[in-house]
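Take a look at the structure below.
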Amino acid sequence: MKKIILILTFAFFIPHAKAQTFNPLLAAMLQDTLNTYVSQISNIKGMSASVFIPGQGVWTGVVGNSYTGKPITKDMRFGIASNTKLFVGVMMLKLAESKVFSLDDSIKKWVTISNPNINPAITIRQLLNHTSGVSDPFSVSPWFDTIKLNPTRVFTPNEVLGWIGTPYFPVGTSWQYSNTNYLIAGMVAQSASGVSLAKLIRDSILNPLNMDSTFIDFEEPANGTLAHRWWNTIDYHDTSRVSLNSSLGYAGNIFSTSSEMVQWYDALFSGKVLSKKSMEELTNFVYTVNPILSYGLGLSRDVTQGLPYWGHGGSTWGYKSKMMYDSCLKVAVGGFANSFPAGMDGVTFLLYRVVKNHIPGCSGEIVGSTSVCQGTDAVSYSVPPIPNASSYVWSLPAGVGGTSSTNTISANFGGMASSGLIKVTGVNNYGLGGSTSLYITVKPKPIAPIITQNGNTLNSNASAGNQWYNSGGKIVGATNATYTITSSDSFYCLVTLDACSSDTSNTIYAMFSGMNEGDFHHELQVYPNPFSAQTTLETSIEMKDARVMLSNCYGQVVREINRINGHTFVFDRSGLSSGLYFIQLVQSEKVIATKKLLLLD
C-alpha cells in the first residue's frame, strides 16, 4: 500500500474579524428565550448557545450549571459529538483537492480490513454520505457495555472494526447513518497521507482559523475548562473518556465552544476553507429514509416546523450538540448541553426561529443590467421587498455613485467606474438581515476620435468602431476610418467598441467640390503660392457674387470672403498663422475651384 508523505500548504488565511456589534434588542430576546426554555426542560443541566449573523458578529448566551455551585461559562468546552463529522468531511475534501486520493477511490486501495462484513469496494464518498451499508455497533450490546465497563482502555480502529456485524444493505443501494463510516475514513486519511487525521485537521483547519478553544479528544490534550458531563442524574466528569473516544474516533471526538462552532460554520460556508467545487461536493445531499432529511459529506439538510436549514446533531455520553445554518441568511446557530439525554435540540431551534422571525429576511435577486459602460447614468436596480426590512443598505462598486434606503437604486457609472458587486441588505430595529448581490461588468468608454479633412475625404484617428454623422444624423454604412463626402455639410464621428460609445469627435464643416484640385487649373490661378503676405486669385471666368472659403488642415473654416466679382481677387493673410490651407471658390452655391495654399512667415 502506497503512502504519501504530505506537506499541506492550503491557501487560505482568516484575518481577525473587524469589531462588530450584535444588536442589543436581539441579544436580549435570545438570552430570554434560552433562559425560559431551558428552565422548562428538566433534563438540561446547563447549556451554551451562540448565534452568528453577518454584519453583527456573534452572540453567546449561557444558562444552568456545570455542576452544583459552578455555572456554565462562555469559555467552557463541550463534546460536540457527531458534529465532528463535518470537520472530517471537509478534511477529506481538502485531501482530494490536493490529489492525495479521489472520493471515488475504494477503501481497499488504502486500507486492508479483514472483517467480511465490510465490503472493500466501498468508496470514500460512500463512507462520508452514509451509503456504504456498514453497520454501527456503538449503541448496541455487547460493544456499548464493553466500552462503558472499561473506561480507561484504548481501543484500536481494527479492534473496533472486528465488532461490525451484518451490513444494513448492499453498498450504494440505500442510506443509513453509521459512526463506523467515519472511523474508517480516519484510517484512509492516515494511510493515504502518512499523517493522522487529527494532525491534518489541526494543521489545516483549526490553526489557520484560530480555533484555539477546539481540540480532538484522545488525540490531543484538553485545552481549557470542560463543562462537567452528566448522564441522566450522574456527574460523569471524573470517568475517563479514553475508551469512548478511542473507539468512537473521528465519528465524534472533538470538543469546542459554541462561539467557535458558529464561527467555523461562517468560515466554511463563506468560502474561506474549500474550493467552490469541493463546496458543491460537500453539499451534494443524497436522500435518506426520512423524506425531509438529506445528507451530504458530514452535513445534513433538514426541516423543522417548516424551516429548512443545514447542520448536524450530536449525542455522546454526557453531551448533546445541535448546529443549524441558514444558507440564505448566512446565519449560524449552535446549541450545546452538558447532559445526555437532553431536550436541547428544541431550544436551539427556538433560538434559530427568533432570528428568522425578527431580522430582515432573504432578498430576492437584484434586477438590472449586468453589463454597463463607463459614463452611463441613471441605471436602475431593484429587489422585491425584503421581509421584515424597514430600510435597505446598498453598496456599489468603486467609482459608481448612488444612494437609496428603499428596494430600488439609481446608479451612476462614472468615467472611473470599476466592475464589482452591487449588494443590498435589509435592516430593521434588530439589525442587518439577509442580503443578495449581483456582479456588474463595467466596460471602458472609448476615447473620442479626432477627425481631419483632406479634400473631399474625412479621416478619423480611430482604427475601428467608427460611425459618421452629418446634420441629418447617422450616415448609414459610414463605418470606416475614412469617409468621402458627397455634399457640403457639418460632419462628426463616434466610436463604439464592445457596445460602449465615445463622446463625439470635433465637428468639421466640409465643402464638397465635386472634383479634384487639378480639374480647375485652367480656371483658377494662385500666385505667389507659397506666400507670406498677399496672394492673387485669378480665374478664366468672370466671378459674379462669388465666395472664397479658407479651411485649415482640420477642415475648420477660418476665413470666408463674400461678394467677389471680376477675374482677380487679392487675398490678405492677416491674422492667419503659417501652415497648409485649402481654398474653395464657390459660385451659385457650387464649388467651382479648389487649391492648396501654403502660408509662410
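The values are calculated or read from the model by the stated rules, or taken from the named source; none is laboratory data. Just so you know, these numbers come straight off a predicted model, no measurement behind them. Reconstructed Cβ throughout: ideal geometry from the backbone, glycine too, with neighbour counts over all protein chains shown.
Mind checking whether some residue in segment 190-213 is assigned to a loop (DSSP other than H, G, I, E, B), farther than 27 Å from S132 by Cα, touching a residue at least 60 places away in the same chain (Cβ under 8 Å) and hydroxyl-bearing (S, T, Y)? For segment 190-213, residues assigned to a loop (DSSP other than H, G, I, E, B), farther than 27 Å from S132 by Cα, touching a residue at least 60 places away in the same chain (Cβ under 8 Å) and hydroxyl-bearing (S, T, Y): present. Of all residue pairs spaced 6 or more apart or on separate chains, those with beta-carbon atoms under 7 Å, a first member in segment 155-167 that is assigned by TED's automatic domain parsing to the domain that holds N245 and a second member that is among the hydroxyl-bearing types (S, T, Y) and part of a helix (DSSP H, G or I) are F155/S243; F155/S246; F155/S247; V160/S247; I164/T180.
The condition of being assigned by TED's automatic domain parsing to the domain that holds S191 and farther than 22 Å from T316 by Cβ holds for only one of P142, P137, P170, that being P170.
Evaluate the following for Y250: is it closer than 29 Å to V140 by Cβ, in contact with a Leu (Cβ under 7 Å, 6 or more places away or on another chain) and either assigned by TED's automatic domain parsing to the domain that holds T146 or not small (G, A, S) (or both)? The answer is yes for Y250. What residue, among those in segment 432-472 that are of a type in the set (S, T, Y) and under 38 Å from the mean Cα position of the chain (by Cα), is nearest to N23 (Cα to Cα)? Looking at residues that are of a type in the set (S, T, Y) and under 38 Å from the mean Cα position of the chain (by Cα), I get S435. If you go through segment 290-323 and keep only what is over 23 Å from A337 (Cα atoms), touching a residue at least 40 places away in the same chain (Cβ under 8 Å) and out of contact with any His (no Cβ under 9 Å at 6 or more places or on another chain), you end up with G296, L297.
Those strands (runs of 3 or more DSSP E) of segment 339-441 that lie entirely within it include none in which at least 3 residues are of a type in the set (A, V, I, L, M, F, W, C), touching a helix residue (DSSP H, G or I) at 6+ places or on another chain (Cβ under 9 Å) and buried (at least 20 other Cβ atoms within 10 Å of the Cβ).
Taking segment 35-71 as the range and being closer than 15 Å to W230 by Cβ and aliphatic (A, V, I, L, M) as the test, the residues that pass are V38, I41, I44, M47, V63.
Can you pull out every residue in segment 194-229 that is surrounded by 23 or more Cβ atoms within 10 Å (Cβ to Cβ) and among the polar types (S, T, N, Q)? The one that is surrounded by 23 or more Cβ atoms within 10 Å (Cβ to Cβ) and among the polar types (S, T, N, Q): T214.
Within segment 40-62, does at least one residue satisfy the condition of being surrounded by 17 or more Cβ atoms within 10 Å (Cβ to Cβ), free of Cβ contacts under 8 Å to residues at least 60 places away in the same chain and under 28 Å from R241 (Cβ atoms)? Yes, some residue in segment 40-62 is surrounded by 17 or more Cβ atoms within 10 Å (Cβ to Cβ), free of Cβ contacts under 8 Å to residues at least 60 places away in the same chain and under 28 Å from R241 (Cβ atoms).
The condition (being over 19 Å from F349 (Cβ atoms) and touching a Gly at 6+ places or on another chain (Cβ under 6 Å)) is satisfied by just one residue among G79, G89, G69, G57: G89. Taken over segment 573-601, the criterion of being buried (at least 17 other Cβ atoms within 10 Å of the Cβ), of a type in the set (A, V, I, L, M, F, W, C) and in contact with a Ser or Thr (Cβ under 6 Å, 6 or more places away or on another chain) is satisfied by F582, V591, L599. You will find that of G89, G69, G133, the residue that is within 30 Å of P208 (Cβ to Cβ) and among the small types (G, A, S) is G89 and no other. Of all residues in segment 69-88, one or more are under 24 Å from N119 (Cα atoms) and touching a Ser or Thr at 6+ places or on another chain (Cβ under 8 Å). One residue stands out among those in segment 230-254 that are over 17 Å from F78 (Cβ atoms) and among the hydroxyl-bearing types (S, T, Y): the one that is surrounded by the most Cβ atoms within 10 Å (Cβ to Cβ), which is Y250.
Residue count for segment 541-572 under the criterion of being loosely packed, with under 14 Cβ neighbours inside 10 Å and of a type in the set (K, R): the result is 2. Applying a threshold of 7 Å to beta carbon distances and a minimum spacing of six or more residues, or different chains, the list of pairs starting in segment 483-501 at a residue that is free of Cβ contacts under 8 Å to residues at least 24 places away in the same chain and ending at one that is small (G, A, S) and assigned to a loop (DSSP other than H, G, I, E, B) reads D489/S471; S490/S471.
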